[in-house]
Amino acid sequence: MKNNQIIFTEIHKAELLEKEKGDPTGTEVLVRMEYTVVSGGTERACILGMQNTAQEFPMSLGYCGVGRVEAVGPFVKTVQEGDRVLVYHGQHSKYNIRPETDITKVDFDENRVSSLEAAFVIIASMGLGGV
């Protein structure tokens, strides 16, 4: 199955490319994303080729997002297929495979906290950490 992913291919250029999705192993979790959060700082710095970035292209970025678990590795204990989850250090792509330690189950009802709202939890916590 294909995975659409935003890749920064060179300075001033980001592309939506297709890559193979892959399957989770061990303690990995496969999540079909609903939303990913774009950072106005990091993504902007990379697209502009600013000196505070790695400037190694191609590169894939991402902070966090929300989606539904589609599959889990055999040793995953905290989430299961169908769970709505927050993905930490994910990528801007249709699917993310992340270690279970980067996945947090979103227990709130969707009428109480939407997936769009939940997607901002981690990036909002960075600002709160600064305070």
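Lys and Arg at +1, Asp and Glu at -1: add these up for the other residues within a Cβ distance under 10 Å of R68 and post the number. Working shown, then result.
Values: positive: R32, R84; negative: E34, E70, E81, D83.
Result for the local shell: -2.
Charges at C-beta only: +1 for Lys and Arg, -1 for Asp and Glu. How large is the resulting dipole of the chain about its Cα centre, in Debye rounded to 20?
Numbers: 13 positive and 18 negative charges, 22 e Å.
Roughly 100 debye, rounded to the nearest 20.
Eight or more residues apart or on different chains, and alpha-carbon atoms under 22 Å: count the Lys pairs in the chain matching that.
Taking the Cα cut-off of 22 Å, the pair count is 10.
Using only helices, what value at 222 nm comes out for the chain when you add -39,500 (n - 2.57) per DSSP H run of length 4 or more and divide by the total residues, to the nearest 500 deg cm²/dmol?
Details: 3 runs with 21 residues, N = 131.
Computed mean residue ellipticity for the chain: -4000 deg cm²/dmol.
Give me the net charge for the shell around G82: Cβ to Cβ below 14 angstrom, other residues only, Lys and Arg +1, Asp and Glu -1. Present the calculation step by step, with values, prior to reporting the outcome.
Numbers: positive: R32, R68, R84, K105; negative: E34, E70, E81, D83, D107, E110.
Taking every Cβ under 14 Å from that of G82, the sum is -2.
Among V31, V121, V76, V85, rank each residue by its count of other Cβ atoms within 10 Å, from fewest to most, as a rough exposure measure. Write down the numbers at each step before the final one.
Values: V31 29, V121 16, V76 19, V85 23.
By the 10 Å Cβ count, ascending: V121, V76, V85, V31.
At a 10 Å Cβ-Cβ cut-off, how would you order K21, K77, K13, fewest neighbours first?
On the way: K21 19, K77 8, K13 11.
Ranked by crowding around the Cβ, least crowded first: K77, K13, K21.
Sorted from fewest to most neighbouring beta carbons within 10 Å, what does the list M33, M1, M50 look like?
Working: M33 22, M1 9, M50 13.
Final ranking by Cβ density, sparse to dense: M1, M50, M33.
If you work out mean projected area of the Cα convex hull in nm² from the coordinates, which of (1) 12.4; (2) 8.8; (3) 9.3 do you get?
(2)
What is the calculated FRET efficiency for K105 to F75, with r their C-beta to C-beta distance and R₀ = 25 Å, to the nearest 0.05? Could the numbers behind the result be given before it?
Numbers: r = 17 Å, r/R0 = 0.67.
After rounding to 0.05, the efficiency reads 0.90.
Pull up all non-local amide H partners of Y35: gap of 5 or more, or a different chain, and H-to-H distance under 5 Å with H placed in the peptide plane.
Excluding prolines and chain starts, which carry no amide H, the hits are V66.
Taken together, the values in this text are just the output of simple stated rules run on the coordinates, not laboratory data. All of these numbers come straight from a predicted model, not from anything done at the bench. Backbone-built Cβ (ideal geometry, glycine too); neighbour counts: all protein chains shown.
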